[in-house]
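Enquirer: Here you go, one structure.
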């Protein structure tokens with residue numbers, strides 16, 4: 001999204017709203033801006049946040065409203081940085097880190113067939129070795145499907161064995177040169193997550209991501225206590241209120257706020273402070289595009305407890321920001337320039353509008369298949385050509 005001040009400064013933001021379609025979310029964004037931000041000084045981040053957070057007698061986390069506000073808030077920080085000719089991280093504590101460790105999903109290589117890839121430990125090992133050869137020191141994968149709208153389920157033995165096989169193949173391929181990031185998307189019961197997590201322990205993953213649905217904090221804490229792999233979670237959470245509940249319960253060691261959903265850069269800065277006080281680390285989540293990526297990086301550069309940042313190496317995203325942010329040898333350096341450190345190619349963006357109707361990672365209605373097995377087509381698209 002694009003905001004312009006009365007002095008002609010343009011700021012860019014991006015929201016991670018996934019519970020309603022794009023057309024509906026556009027109306028939410030416009031409503032949030034008109035009600036709480038239009039005509040306001042972009043410096044007044046806290047005031048605008050409190051307006052949006054309190055709207056409609058809520059004063060509690062609201063996924064769609066805070067997603068809309070998050071993108072608008074990121075654009076305000078871009079404006080403030082450009083107005084002062086300073087990067088955003090200089091305005092939220094200064095530069096703590098010169099570069100940030102990056103991680104990537106495992107994508108099919110050029111010679112891999114798409115469908116078999118997602119269920120092949122051998123192909124996953126090849127893809128992991130390729131990532132390590134390019135400098136990555138952490139790779140993420142999520143073979144333990146399915147995601148169902150029925151809530152948490154008990155994993156099938158086939159899913160547990162396949163997950164173990166993936167960890168074994170990837171660990172063999174990368175040795176001690178990279179961490180394994182085991183992704184799930186909240187699809188298990190606490191008991192099922194414990195069974196799966198304990199089976200993965202011999203391969204020492206760096207994290208066990210969102211093992212159960214995100215709304216049961218105590219169940220997440222039970223998993224964290226029972227599994228000797230750090231629990232990471234947060235991509236579906238919004239505002240410090242939800243992250244604070246995790247920390248109080250001891251439910252996660254690694255927090256993954258998506259800045260286009262969690263409340264924006266300033267709210268994520270607060271979440272990082274809460275995490276620091278609880279000896280937890282931050283690994284900003286990315287499933288949106290390059291503007292949210294830029295915001296994640298500006299946050300990571302300013303905080304002492306940034307573990308790593310997620311990246312999605314998509315050529316179209318790179319073109320949108322003119323290659324202003326790059327992963328080099330597994331790290332992201334501080335981008336040059338003011339604000340977020342990027343400029344968006346608006347003409348390119350407008351030439352490629354989203355016209356689909358699908359929502360993010362739509363959950364299947366069919367239950368887990370305990371006889372024929374489950375095939376999960378990964379949490380990220382394959383790398384594009386060109």
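Coordinate-derived values only; no laboratory data. It should be emphasised that the depicted structure is a prediction, and the values quoted were computed from it without experimental measurement. Ideal geometry is used to build each Cβ from the backbone, glycine not excepted, and the neighbour counts take in all protein chains shown.
Enquirer: Compute the distance in nm between two label points, each set 7 Å from the Cα along the Cα-to-Cβ direction, one at residue 114 and one at residue 215.
Expert: Label at residue 114, label at residue 215, 3.3 nm between them.
Enquirer: Ranked highest first by the average count of other Cβ atoms within 10 Å around their residues, in what order do 50-57, 195-202 fall?
Expert: 195-202, 50-57
Enquirer: Let me ask another. Sticking to Cα atoms, compute the Rg of the chain to one decimal and its Dmax as the biggest Cα-Cα distance, whole number, in Å.
Expert: Cα only, the chain: 20.2, 64 Å (Rg, Dmax).
Enquirer: With Kirkwood's inverse mean 1/r over C-alpha pairs for Rh, give me the Rg to Rh ratio of the range 114-178, two decimals please.
Expert: 1.03
Enquirer: Nearest 500 deg cm²/dmol is fine: what mean residue ellipticity at 222 nm does the chain get from its DSSP H runs of n ≥ 4 alone, each adding -39,500 (n - 2.57), divided by its residue count?
Expert: That comes out to -12500 deg cm²/dmol.
Enquirer: While we're on this one: Can you give me the Rg/Rh ratio for the range 34-165, using Cα atoms for both radii and the Kirkwood formula for Rh? It would help to have the intermediate numbers written out before the result.
Expert: On the way: Rg = 22.1 Å, Rh = 19.5 Å.
Looking at the range 34-165, the ratio lands at 1.14.
Enquirer: Next question, about the same structure. Tell me the label-point distance for the pair residue 349, residue 23, using the 7 Å Cα-to-Cβ offset, in nm and rounded to one decimal.
Expert: Rounded to a tenth, the inter-label distance reads 2.2 nm.
Enquirer: So how far apart, in nm, are the two label points at residue 279 and residue 35 if each is 7 Å from Cα heading toward Cβ?
Expert: It is 4.2 nm.
Enquirer: Pull out the extension gain between residue 150 and residue 43, defined as 0.36 nm times the separation in residues minus the alpha carbon to alpha carbon distance; nm, one decimal. Before the final figure, lay out each step's value.
Expert: On the way: separation 107, 0.36 × 107 = 38.52 nm, distance 4.34 nm.
Extra length available between residue 150 and residue 43 comes to 34.2 nm.
Enquirer: Give the share of C-alpha pairs in each 5 angstrom bin for the range 97-232, from 0 to the last occupied bin, in whole percents, shortest bins first.
Expert: All Cα pairs considered, the percentages come to 2, 11, 21, 22, 19, 14, 8, 3, 0.
Enquirer: Can you give me the Cα centroid spacing of the range 88-144 and the range 170-205 in angstrom?
Expert: Measuring centre to centre over Cα atoms gives 15 Å.
Enquirer: Would you mind putting 66-79, 325-338, 167-180 in packing order, based on average other-beta-carbon counts within 10 Å, highest first?
Expert: Ranked from most to least packed, the peptides come out as 66-79, 167-180, 325-338.
Enquirer: Further question on the same structure: Need one number for the range 188-237: average projected area of the convex hull over its C-alpha atoms, nm².
Expert: With the hull built on Cα positions only, its mean projection is 3.0 nm².
Enquirer: When the Cα centres of the range 207-243 and the range 37-66 are compared, how far apart do they sit, in Å?
Expert: 26
Enquirer: Can I ask one more? How far is helix 217-226 tilted off the main Cα axis of the chain, in degrees rounded to 10, range 0 to 90?
Expert: 40
Enquirer: Taking only Cα atoms, what is the 0 to 90° angle, nearest 10, from helix 157-174's long axis to the longest principal axis of the chain?
Expert: Helix 157-174 and the main axis of the chain meet at about 70 degrees.
Enquirer: To one decimal place, what orientation-averaged projected area in nm² is obtained for the convex hull of the Cα set of the range 50-91? Can you show the working numbers first?
Expert: Values: hull surface 13.2 nm².
Projected over every direction and averaged, the Cα hull of the range 50-91 covers 3.3 nm².
Enquirer: Compute the acute angle (0 to 90°) between the alpha-carbon long axis of helix 22-36 and the principal axis of greatest extent of the alpha-carbon atoms of the chain; round to the nearest 10°.
Expert: Long axis of 22-36 versus the principal axis of the chain: about 40 degrees.
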